[in-house]
1. Within the set of pairs 6+ apart or on separate chains, which have a first residue in the stretch 122-141 that is at negative phi, a second that is among the basic types (Lys, Arg) and buried (at least 16 other Cβ atoms within 10 Å of the Cβ), and C-beta atoms under 8 Å apart?
2. Being outside any helix (DSSP H, G or I) and either surrounded by fewer than 23 Cβ atoms within 10 Å (Cβ to Cβ) or of a type outside the set (Lys, Arg) (or both): is that true of residue 97 here?
3. Across the stretch 49-70, what is the number of residues that are more than 22 Å from residue 88 (Cβ to Cβ) and part of a loop (DSSP other than H, G, I, E, B)?
4. Could you check the stretch 1-28 and list, in sequence order, the residues that are charged (D, E, K, R), assigned to a strand (DSSP E or B) and away from the ligand (no atom under 14 Å from the Cβ)?
5. Considering only residues that are surrounded by fewer than 24 Cβ atoms within 10 Å (Cβ to Cβ) and in a loop (DSSP other than H, G, I, E, B), look in the stretch 29-43 and name the one that is nearest to the ligand (Cβ to nearest atom).
6. Name the pairs: first residue in the stretch 31-42 and among the basic types (Lys, Arg), second residue more than 8 Å from the ligand (Cβ to nearest atom), Cβ to Cβ under 7 Å, at least 6 apart or on different chains?
Amino acid sequence: MTALRIGHGYDVHRLAEGRRLVLGGVEIPWEKGLLGHSDADVLVHAVMDALCGAAGLGDIGRLFPDTDPAYKGISSLLLLAEVGRRLTELGFDVVNIDATLLAQAPKVGPYKQAMEENIASVLGVDRERVNVKATTEEGLGFTGDGSGMAAHAVVLIEKR
Ligand code: MG
């Protein structure tokens, strides 16, 4: 039996005025930000859900309920650190992470490396094991009309 486990994560947040836009732990100057209980970092949420899925930990809603005031406005990188700690406790190492942001705007190309560095450093893995991509959806649907952003992530983890 292989010690490898795969996980997938998907998340969506609405865009709203008067909110900071935080993606992959990077604050990006933009006219709107993502709405949510935490900092609403949709990319990190997808990564966390993928890690939880791979490790059999359920999902982030189970670990960090959005009814808990402790998580109001919290940096999702802190939540990611907690997920990483739980994986380590269960004997898992992260093999690699591949995440895709779906957003019409702004252009996030200049920030992708910083996002990869944030995710890798919080999880204590080499940066080359973390890949962040972004795409538009060609003006279609809720990402296309700018009412929200979505993110997918797949991860591979390995039991020590
Ligand atoms: Mg979320």
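Each reported figure results from applying straightforward, stated rules to the coordinates on display, with no laboratory input. As the structure is a computational prediction, the values presented were derived from the model and not from experiment. We place every Cβ from the backbone using ideal geometry, glycine too, and count neighbours over all the protein chains shown.
1. Filtered contacts from the stretch 122-141: 132/112; 133/112; 134/112.
2. Spelling it out, residue 97 is indeed outside any helix (DSSP H, G or I) and either surrounded by fewer than 23 Cβ atoms within 10 Å (Cβ to Cβ) or of a type outside the set (Lys, Arg) (or both).
3. 4
4. 5, 17, 27
5. 36
6. Cβ pairs passing all conditions: 32/15; 32/16; 32/17; 32/19; 32/21.
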